[in-house]
Amino acid sequence: PATASGRVLVRAEPDTPGLLRYGQPVRVHGTLKLPPRAQNPGEFDYREYLARQGIFAVVNARNLASLPGEPPVSFLGGAIAFKNDALALLSRHLPAEEAALLGSLLFGDGASPIDPETAEAFRALGLAHVLAVSGAQILFLWGMLEGLLTRLGIPRWLGVPMGCAGLWGYAAMTGLPPSVVRAT
């Protein structure tokens, strides 16, 4: 036995909807391993990549259980909860295929995966980029926010920071991928 401290990446099966929320305390049973190193010179080194993020071990979870207690209130947690509520609303009011497609268009294909046949059709047509959230969604949202704030009579000196806050809230809902951070 030994004690250690540091961050660990936990890999879990994605079929646990509603079990976990951002920041939720959990109990994990699994095998703790060091991330693999690059095998050849110049090859991507996963261990180095994780170390730059302060993560030094990986656990493949065999058993995952939420613990009692509420997750701490945070901006990112609230944004993710809002996104999950929006996706649930889409699922309740649209057929499954359309709900998944609209969820993917709004929040990215990782948030609302579409079926492989639809994804392949988008690729075949050269439109796969539409399913990834990037500058177009940011631009549309900025236009909507600017129009709404103008109609509400919010002065520009106040509307611009409010619009920027709205954009960053949306970026947090998408999980802050590099394309969205860059566009925002």
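Dividing the summed helix terms, -39500 (n - 2.57) for each DSSP H run of n ≥ 4, by the number of residues in the chain produces a 222 nm estimate of -15000 deg cm²/dmol to the nearest 500. One compactness figure for the range 1-116 is 1.33, namely its Cα radius of gyration divided by 2.2 N^0.38 Å.
The smallest convex shape that holds all Cα atoms of the range 70-181, its convex hull, gives 134 Å³ per residue. Scanning residues 5 or more positions from PHE56 or on other chains, those with amide H under 5 Å from its amide H are ARG7, LEU9, with H placed 1.01 Å from N in the peptide plane. Under 5 Å from the amide H of ASP109 lie the amide H atoms of VAL133, each residue being 5 or more positions distant or on a separate chain, with H modelled from the backbone and absent for Pro and chain starts.
Using C-alpha pairs under 8 Å with a sequence gap of at least 6, the mean separation divided by the residue count of the range 1-123 gives a relative contact order of 26 percent. Please work out the Cα center distance from the range 142-173 to the range 28-65, rounded to the nearest Å. Using only Cα atoms, the two centres lie 40 Å from each other.
Computed extension gain for THR31 through ARG151, at 0.36 nm per residue and net of the alpha carbon distance, reaches 37.6 nm. Couplings 3J(HN,Hα) of the range 118-128, computed from phi: 5, 4, 5, 4, 5, 5, 4, 7, x, 10, 4 Hz, in residue order, whole Hz [Karplus 6.51 cos²θ - 1.76 cosθ + 1.60, θ = phi - 60°; x for Gly and Pro].
Distant-in-sequence amide contacts of VAL26, defined by a placed amide H-H separation under 5 Å and a gap of 5 or more residues or a different chain, comprise LEU67. Each of GLY69, ALA183, ASN40 was placed along the dipole of the chain (beta-carbon charges, centred on the mean Cα), and the one lying farthest toward the positive end is GLY69. Per-residue 3J(HN,Hα) values for the range 86-96, derived from phi via the Karplus relation 6.51 cos²θ - 1.76 cosθ + 1.60 with θ = phi - 60°, read 5, 5, 5, 4, 4, 5, 6, 10, 10, x, 4 Hz in sequence order (x marks Gly and Pro). 3J(HN,Hα) along the range 22-31, derived from phi through the Karplus expression 6.51 cos²θ - 1.76 cosθ + 1.60 where θ = phi - 60°, amounts to 4, x, 5, x, 9, 10, 10, 10, x, 9 Hz, with x in place of Gly and Pro. Each principal axis of the Cα atoms in the range 115-184 has its own extent, and those three values, largest first, are 47, 22, 17 angstrom. For the chain, DSSP calls about 60 percent of its internal beta bridges antiparallel.
Taking 0.36 nm per intervening residue step and subtracting the Cα-Cα distance, what contour gain separates PHE75 from PHE44 on full extension? Between PHE75 and PHE44, full extension yields an extra 7.9 nm. Rounded to the nearest 20 debye, the dipole magnitude of the range 20-173 is 560 debye, with +1 charges on Lys and Arg beta carbons, -1 on Asp and Glu beta carbons, and the Cα centre as origin. The charge dipole of the range 1-110, taken about its Cα centre with unit charges on the Cβ of Lys, Arg, Asp and Glu (plus for the first two, minus for the last two), comes to roughly 500 debye. Exposure here means at most 14 other Cβ atoms within 10 Å; with trypsin sites (Lys or Arg not before Pro) in a DSSP loop as sites, the longest stretch of the chain lacking them is 38-184.
Readers should treat all values here as calculations from the given coordinates under stated rules, not as data from a laboratory. Every value quoted in this text rests on a predicted model; they were computed, and no experiment measured them. Cβ: placed from backbone, ideal geometry, glycine included. Neighbour counts: every protein chain shown.
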